[in-house]
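**Student:** Sending over a structure as structure tokens; questions will come in a sec.
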Amino acid sequence: MRPQILFPLFAEVTSLKGVGARLAPMIAKAAGPLVRDLAFLAPAGVIQRRHTTASDAVEGEVAIFDVVIDRLIPPHKIGAPFKVRASDPSGFIHLIWFGGSPRQVEGLAPRGERRIVSGKVERFNGEVQVTHPDYILPVERADEIGRTEPIYPTTAGLPARQLRRFVTLAMATLPELAEWQDAAWRTANGWTGWRASLERLHAPESEMDLGPDAPARRRLAYDEVLAHQMALARRRGQRQALPAPMIQAGEASTALEAALPFSLTGAQARAVADIRADMASGRQMGRLLQGDVGSGKTAVAAMVMADAAGAGFQAALMAPTDLLARQHYQRLQPMFAQAGLGAVLLTGRDPVAERRPRMAALADGSAQIAIGTHALFQDAVRFDRLALTVIDEQHRFGVSERQRLQAKGDPRLGAVHLLSMSATPIPRTLELSQFGDLDVSRLNEKPPGRSPVTTAVLPQDRIGDVVGRLRAALDRGAQAYWICPLVAESDVSDLAAAEARAVDLRKALKVEVGLAHGQMPTADREAVMADFADGRVSVLVATTVVEVGVDVPNATIMVIEHADRFGLAQLHQLRGRVGRGAAQSACILLYANAGLGEVAKERLEILRRTEDGFEIAEEDFRLRGGGDPLGLRQSGFPAYRFADPFRHRDLIAAAADDARLVLGRDPELTSPRGEALRVLEALYSWRDSAAID
């Protein structure tokens, strides 16, 4: 239940004076539908005004003039502006309106009257002029023009001054709330209270007061990330309180480990130990397994799936594509069979006649392991004793899809354990923000036998040399990826098109060249990629659809055209498609002949220097900075109002520690600070707006 003290903030904006049915949608677009959203609308900038005279006016400044209206100058032709000449003791100031009616202008600036005028100073033909003044007021109302004024991000049809007035009305509803920040922490940072900080944000004296390092902004940012971390920590606690099957390692996983063609790395062994401890606890596991490309996440998943199956339960591995599911099955099924475990493949593309016996085997328990796609959580699929779900490339699935698979478990056995896997290394800050309710294991070692990938950075005009070297490699039996940023010719004429490049390479190389891109039907695209995986295609020209989920150990060459147009993390994922076997592999990054910008140059140099995906992820985060790094809002990252994930990463880490400490001491939040933190969580509740998810 939301605390009653917050009711005014969670009222619709129509509860504010002057907001009716016409304005409400505009305000909702600019800020949100609630009074709270207006109060949380941070200014985008600040106007600073200076009292001056005609002779001292500085072009580009926003000035305040004390003038006498001297003369009205109507337009001399259609489309010409309406002018008013005003003066002060030092000279003339011309006030300009385009499209204003003479009667309206005359009402604002009657001839012979004294007025206080404010606006941006321009100079035209040596004269001082102000186009569309911000204010024209009688002298007795001069105090209505502030020396500083916040500017809010507005929308069409809603004037900035009107939006500012509604923000002021929203701020008037702010309640006095008990302090939830630790007193020592607040003093150490020089922070004022929540309400005082919000009021300061809306009354900036300069741009610095709005910056991410301003004390008021940092205080509000910490409130926001603390609320989010509290919600994640409470969700984690609720999960850990759910009974789940107790699973111990046994003979099946020992046999499977013996069937692996390699020994586990130290990182893999540690991850397996972490997962086993979770599954043996009797409480529901929720763990994220992060592994760089080629680090062996699938082997870890296979070990713990064997644990579950060997203990008399079932496990399911869900992959985002038919091709990846089949690759997992082809690789794992023989090892599961050697361990005495039955595994079935279930995808939407399987004929019904093949699916039926597989589904029956899952329903009666004769198949202990299921590997498949979205088909696994369809209504017709039944499990006998599902106890573990493994989600590969977890970011490709929505929360509801993961939950639908977990819901296949039998409630009488307890909650289903969850292991999510990600091949995209995540910076620590984002890990805390996106997966703070999960435990995390990292694979930061590559299995033995993997050769490092040699990375070269070349200008686009060297493409002929690249094709020549590629031809020689193909003659030796190699396979290659060729990545293009576009599918077909477009207005962006300087970018290579995948279709055109495929035609050119067929002519130049005289080999079978496949083409895969996102506009193809899924079945056709996966058929081409399967031909490449089976060696029937020597070169695969593709867009970024091959970024994840393709494992072709024989592919040793990756060419990426216009690499300067790709993100650093994306380039690393693409490069990870090669170097998956013992043969020496190479990645060639081609950049525009016109040269590289400083950021693009640094990005490619980082990629050339290191293969450490976790280092690359941190560097990518640093280079992209704040705003919406890595497309985070499209991937479920919290849409923070005050916090900048990059500039406030220290606050996110501190908030995560604070949330764990508070809930460790006061899990029911019954202490005075706990009660205040309940209000904080409700204040930033994502259920009522896009503030936090």
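The values are calculated or read from the model by the stated rules, or taken from the named source; none is laboratory data. A quick note: this is a predicted structure, and the numbers were derived from the prediction, not measured. Quick reminder, even Gly has a Cβ in these numbers, built from the backbone with ideal geometry, and neighbours come from all protein chains shown. Surface accessibility is based on the protein's heavy atoms, side chains included, excluding ligands, DNA and RNA. Shrake-Rupley method; radii C 1.70, N 1.55, O 1.52, S 1.80 Å.
**Student:** Output the residue which, of all residues in the range 261-305 that are more than 19 Å from S422 (Cα to Cα), free of Cβ contacts under 8 Å to residues at least 60 places away in the same chain and of a type in the set (A, V, I, L, M), is least open to solvent (accessible area, probe 1.4 Å).
**Tutor:** Once the filter is applied, the top-ranked residue is A280.
**Student:** Of the conditions (1) in contact (Cβ under 8 Å) with a residue 12 or more places away in the chain; (2) under 25 Å from the mean Cα position of the chain (by Cα); (3) open to solvent by less than 40 Å² (accessible area, probe 1.4 Å), S206 fails just one. Which one is it?
**Tutor:** With respect to (1) in contact (Cβ under 8 Å) with a residue 12 or more places away in the chain; (2) under 25 Å from the mean Cα position of the chain (by Cα); (3) open to solvent by less than 40 Å² (accessible area, probe 1.4 Å), S206 is out only on (2).
**Student:** What pairs can you find where one residue is in the range 317-330 and under 8 Å from G372 (Cα atoms) and open to solvent by 10 Å² or more (accessible area, probe 1.4 Å), the other is in a helix (DSSP H, G or I) and among the polar types (S, T, N, Q), and their Cβ atoms are less than 7 Å apart, with a gap of 6+ or different chains?
**Tutor:** The qualifying pairs do not exist here.
**Student:** Here's a follow-up. Of the residues that make up the range 226-245, is at least one surrounded by fewer than 21 Cβ atoms within 10 Å (Cβ to Cβ), in contact with a helix residue (DSSP H, G or I) (Cβ under 8 Å, 6 or more places away or on another chain) and modelled with pLDDT of 95 or more?
**Tutor:** no
**Student:** Against the conditions (1) farther than 25 Å from I616 by Cβ; (2) surrounded by fewer than 22 Cβ atoms within 10 Å (Cβ to Cβ), where does F532 fall short? Just the number, please.
**Tutor:** (2)
Listed here are the residues, each with its yes/no results for (1) part of a helix (DSSP H, G or I); (2) closer than 21 Å to L324 by Cβ; (3) of a type in the set (K, R).
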{"position": "L362", "(1), (2), (3)": "yes, yes, no"}
{"position": "A370", "(1), (2), (3)": "no, yes, no"}
{"position": "V381", "(1), (2), (3)": "no, yes, no"}
{"position": "V390", "(1), (2), (3)": "no, yes, no"}
{"position": "E401", "(1), (2), (3)": "yes, yes, no"}
{"position": "R412", "(1), (2), (3)": "no, no, yes"}
{"position": "S420", "(1), (2), (3)": "no, yes, no"}
{"position": "L432", "(1), (2), (3)": "yes, no, no"}
{"position": "V440", "(1), (2), (3)": "no, no, no"}
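**Student:** With the checklist (1) within 31 Å of the chain's Cα centre (by Cα); (2) at pLDDT 90 or above; (3) among the hydroxyl-bearing types (S, T, Y) in hand, flag the one item T321 doesn't pass.
**Tutor:** So T321 meets the others, but not (2).
**Student:** Give the residue that is farthest from V58 (Cα to Cα), with candidates limited to residues of the range 72-107 that are open to solvent by 70 Å² or more (accessible area, probe 1.4 Å) and among the hydrophobic types (A, V, I, L, M, F, W, C).
**Tutor:** I78
**Student:** Which one is nearest to I145 (Cα to Cα), of the residues in the range 108-129 that are surrounded by 12 or more Cβ atoms within 10 Å (Cβ to Cβ) and of a type in the set (G, A, S)?
**Tutor:** The residue in question is S118.
**Student:** Another question about this same structure. Given the structure, is T455 in contact with a helix residue (DSSP H, G or I) (Cβ under 6 Å, 6 or more places away or on another chain), of a type in the set (S, T, Y) and on the phi < 0 side of the Ramachandran plot?
**Tutor:** yes
Here is a yes/no grid of residues against (1) open to solvent by less than 10 Å² (accessible area, probe 1.4 Å); (2) at pLDDT below 85:
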site: Q378; (1), (2): no, no
site: H395; (1), (2): no, yes
site: Q406; (1), (2): no, no
site: H417; (1), (2): yes, no
site: T429; (1), (2): no, yes
site: L432; (1), (2): no, yes
site: V457; (1), (2): no, no
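**Student:** Ok, one more. Would you be able to tell me the number of residues in the range 332-376 that are in contact with a helix residue (DSSP H, G or I) (Cβ under 8 Å, 6 or more places away or on another chain), surrounded by 15 or more Cβ atoms within 10 Å (Cβ to Cβ) and under 22 Å from E251 (Cα atoms)?
**Tutor:** Summing the residues that are in contact with a helix residue (DSSP H, G or I) (Cβ under 8 Å, 6 or more places away or on another chain), surrounded by 15 or more Cβ atoms within 10 Å (Cβ to Cβ) and under 22 Å from E251 (Cα atoms) in the range 332-376 gives 13.
**Student:** Among the residues of the range 152-168, is there at least one that is free of Cβ contacts under 8 Å to residues at least 24 places away in the same chain, within 30 Å of H94 (Cβ to Cβ) and open to solvent by less than 20 Å² (accessible area, probe 1.4 Å)?
**Tutor:** No, every residue in the range 152-168 fails to be free of Cβ contacts under 8 Å to residues at least 24 places away in the same chain, within 30 Å of H94 (Cβ to Cβ) and open to solvent by less than 20 Å² (accessible area, probe 1.4 Å).
**Student:** OK, next. Of the numbered conditions (1) surrounded by 18 or more Cβ atoms within 10 Å (Cβ to Cβ); (2) modelled with pLDDT under 90; (3) among the aromatic types (F, W, Y), Y222 satisfies every one except a single condition; which is it?
**Tutor:** So Y222 meets the others, but not (2).
**Student:** From the residues in the range 292-343 that are assigned to a loop (DSSP other than H, G, I, E, B) and of a type in the set (A, V, I, L, M, F, W, C), which one is nearest to G365 (Cα to Cα)?
**Tutor:** Only one residue fits best here, namely F313.
**Student:** Can you work out which of the residues in the range 578-612 that are in contact with a helix residue (DSSP H, G or I) (Cβ under 6 Å, 6 or more places away or on another chain) and within 20 Å of D551 (Cα to Cα) is surrounded by the most Cβ atoms within 10 Å (Cβ to Cβ)?
**Tutor:** Across the range 578-612, the extreme among qualifying residues is C587.
**Student:** Given (1) surrounded by 17 or more Cβ atoms within 10 Å (Cβ to Cβ); (2) of a type in the set (V, I, T); (3) modelled with pLDDT of 95 or more, identify the lone condition not met by V68.
**Tutor:** Result: V68 fails condition (1) only.
**Student:** Would you check if T53 is polar (S, T, N, Q) and either under 27 Å from V139 (Cα atoms) or modelled with pLDDT under 95 (or both)?
**Tutor:** Yes, satisfied.
**Student:** Filter the range 89-113 down to residues that are in a loop (DSSP other than H, G, I, E, B) and either within 17 Å of N125 (Cα to Cα) or not polar (S, T, N, Q) (or both), then give me how many there are.
**Tutor:** Adding up the residues that qualify gives 9.
**Student:** Also, quick follow-up: For residues that are among the β-branched types (V, I, T) and in contact (Cβ under 8 Å) with a residue 24 or more places away in the chain, scanning just the range 605-623, find the one that is farthest from R565 (Cα to Cα).
**Tutor:** My answer is I616.
**Student:** So, one more: Considering the range 22-43 alone, what residues qualify as being under 13 Å from H202 (Cβ atoms) and either open to solvent by 10 Å² or more (accessible area, probe 1.4 Å) or modelled with pLDDT under 95 (or both)?
**Tutor:** Of everything in the range 22-43, those that are under 13 Å from H202 (Cβ atoms) and either open to solvent by 10 Å² or more (accessible area, probe 1.4 Å) or modelled with pLDDT under 95 (or both) turn out to be A31, L41, A42, P43.
**Student:** Here is a follow-up. Kindly indicate the residue of the range 546-571 that is outside any loop (DSSP other than H, G, I, E, B) and open to solvent by less than 10 Å² (accessible area, probe 1.4 Å) and also nearest to I426 (Cα to Cα) among those meeting that condition.
**Tutor:** Filtering first and then ranking leaves L568.
**Student:** Here's a follow-up. So, in the range 436-450, how many residues would count as being of a type outside the set (A, V, I, L, M), at pLDDT 75 or above and open to solvent by 20 Å² or more (accessible area, probe 1.4 Å)?
**Tutor:** Number of matching residues: 6.
**Student:** Here's something else I'd like to know. Of the conditions (1) under 24 Å from E149 (Cβ atoms); (2) among the aliphatic types (A, V, I, L, M); (3) in contact (Cβ under 8 Å) with a residue 60 or more places away in the chain, A86 clears all except one; give me its number.
**Tutor:** Among (1) under 24 Å from E149 (Cβ atoms); (2) among the aliphatic types (A, V, I, L, M); (3) in contact (Cβ under 8 Å) with a residue 60 or more places away in the chain, the lone unmet condition for A86 is (3).
**Student:** Then there's this: Report whether or not G468 is at pLDDT 90 or above, assigned to a loop (DSSP other than H, G, I, E, B), open to solvent by less than 50 Å² (accessible area, probe 1.4 Å) and of a type outside the set (A, V, I, L, M, F, W, C).
**Tutor:** Working: at pLDDT 90 or above: yes; assigned to a loop (DSSP other than H, G, I, E, B): no; open to solvent by less than 50 Å² (accessible area, probe 1.4 Å): yes; of a type outside the set (A, V, I, L, M, F, W, C): yes.
So G468 fails the test.
**Student:** Going by what's in this entry, would I588 be described as assigned to a strand (DSSP E or B) and under 18 Å from V453 (Cβ atoms)?
**Tutor:** The answer is yes for I588.
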